[in-house]
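Right, one structure below, let's go through it.
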Amino acid sequence: MIAIIDYDAGNLSSVRKALEFLGQEVVISRKHDEILSADKVILPGVGNFGDAMEKLKNYNLIGPIHEVAARKIPFLGICLGLQLLFEGSDESEGIEGLGILKGEIRKIPDAPGLKIPHIGWNSLRFMNDGRLFRNIDDDAYVYFVHSYYLKAKEPEIVKAVTEYGTIIDASVEKNNIFACQFHPEKSGDTGLQILKNFAEIHQTS
């Protein structure tokens with residue numbers, strides 16, 4: 001079973017539909033026991049960093065997320081869900097993130113002809129042998145919606161990058177923690193393959 005953490009994020013139903021299309025059993029939950037008994041856990045996200053951290057705190061979900069990480073249960077952050085895994089964001093200065101991974105969430109820099117938020121399809125360049133990208137061609141296109149981006153502190157955890165005014169760390173992986181800045185649930189066959197790859201990852205001891 002895959003548990004999608006419910007903290008009023010906007011893309012819950014689209015993530016669930018994509019996983020159910022792949023034949024996965026899915027529950028949307030904010031119950032601690034349901035989350036911690038799942039085979040895999042997903043933290044989706046659309047919206048503001050500070051507001052999202054406030055909701056995770058109000059729903060008492062920060063502790064269970066850290067416990068999922070400690071138990072080595074495969075965990076996937078999507079879009080804002082990626083950003084929340086880090087220590088903080090330029091979007092909400094002074095607000096602490098989950099701090100599970102190290103890096104900076106920065107505002108996409110202004111540039112001539114560049115629209116922010118970044119909304120649309122961009123190609124990925126893979127590196128460091130990411131397990132989410134098995135059976136996916138390099139330069140595959142995925143769908144982004146964001147104004148802030150990750151610059152990871154540990155280069156080896158970066159598994160895919162894209163370019164939009166700057167080099168964006170588009171996907172990271174460390175132990176049981178996986179995250180994508182883009183939306184696999186809105187990225188067609190490529191996104192479905194990414195979600196399938198995640199669903200097939202086994203928990204490590």
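The values are calculated or read from the model by the stated rules, or taken from the named source; none is laboratory data. For clarity, every value in this text was computed on a predicted model and none was experimentally measured. Neighbour counts are summed over all protein chains in view; Cβ atoms, including those assigned to glycine, are modelled from backbone coordinates with ideal geometry. These accessible areas exclude ligands, DNA and RNA; they are computed on the full protein's heavy atoms, side chains included. Shrake-Rupley method; radii C 1.70, N 1.55, O 1.52, S 1.80 Å.
Would you confirm whether or not segment 70-80 contains a residue that is modelled with pLDDT of 95 or more, closer than 24 Å to residue 195 by Cα and surrounded by fewer than 13 Cβ atoms within 10 Å (Cβ to Cβ)? Yes, because at least one residue in segment 70-80 is modelled with pLDDT of 95 or more, closer than 24 Å to residue 195 by Cα and surrounded by fewer than 13 Cβ atoms within 10 Å (Cβ to Cβ). Please find, within segment 1-59, the residue that is nearest to residue 188 (Cα to Cα) out of those that are in contact (Cβ under 8 Å) with a residue 60 or more places away in the chain and touching a Pro at 6+ places or on another chain (Cβ under 6 Å). If we take residues in segment 1-59 being in contact (Cβ under 8 Å) with a residue 60 or more places away in the chain and touching a Pro at 6+ places or on another chain (Cβ under 6 Å), then 15 is nearest to residue 188 (Cα to Cα). Suppose we keep only residues that are out of contact with any strand residue (DSSP E or B) (no Cβ under 9 Å at 6 or more places or on another chain) and within 19 Å of residue 21 (Cβ to Cβ) within segment 137-192. Which one would you say is surrounded by the fewest Cβ atoms within 10 Å (Cβ to Cβ)? Result: 189. The number of residues in segment 27-83 being among the small types (Gly, Ala, Ser) and within 23 Å of residue 106 (Cα to Cα) comes to 6. Regarding residue 92, is this residue closer than 29 Å to residue 24 by Cα, of a type in the set (Ser, Thr, Tyr) and open to solvent by less than 20 Å² (accessible area, probe 1.4 Å)? No.
Over 26 Å from residue 148 (Cβ atoms) and among the polar types (S, T, N, Q), is that true of residue 89? Answer is no for this residue.
Residues in segment 19-60 that are open to solvent by less than 10 Å² (accessible area, probe 1.4 Å) and assigned to a helix (DSSP H, G or I): 5 in all. Listed conditions (1) modelled with pLDDT under 95; (2) open to solvent by less than 20 Å² (accessible area, probe 1.4 Å) are all met by residue 128, apart from (2). Here 189, 129 are screened, and the one residue that is more than 25 Å from residue 53 (Cα to Cα) and outside any helix (DSSP H, G or I) is 129. Those residues that are in a strand (DSSP E or B) and under 22 Å from residue 11 (Cα atoms), I need them from segment 132-155; list them, please. Listed by number, the residues that qualify are 141, 142, 143, 144, 145, 146, 148, 149, 150.
Inside segment 80-100, residues that are out of contact with any Lys or Arg (no Cβ under 8 Å at 6 or more places or on another chain) and either without any contact (Cβ under 8 Å) to a residue 24 or more places away in the chain or in a loop (DSSP other than H, G, I, E, B) (or both) make up a count of 10.
Scanning segment 99-110 for residues that are surrounded by 21 or more Cβ atoms within 10 Å (Cβ to Cβ) and hydrophobic (A, V, I, L, M, F, W, C) gives 101, 105.
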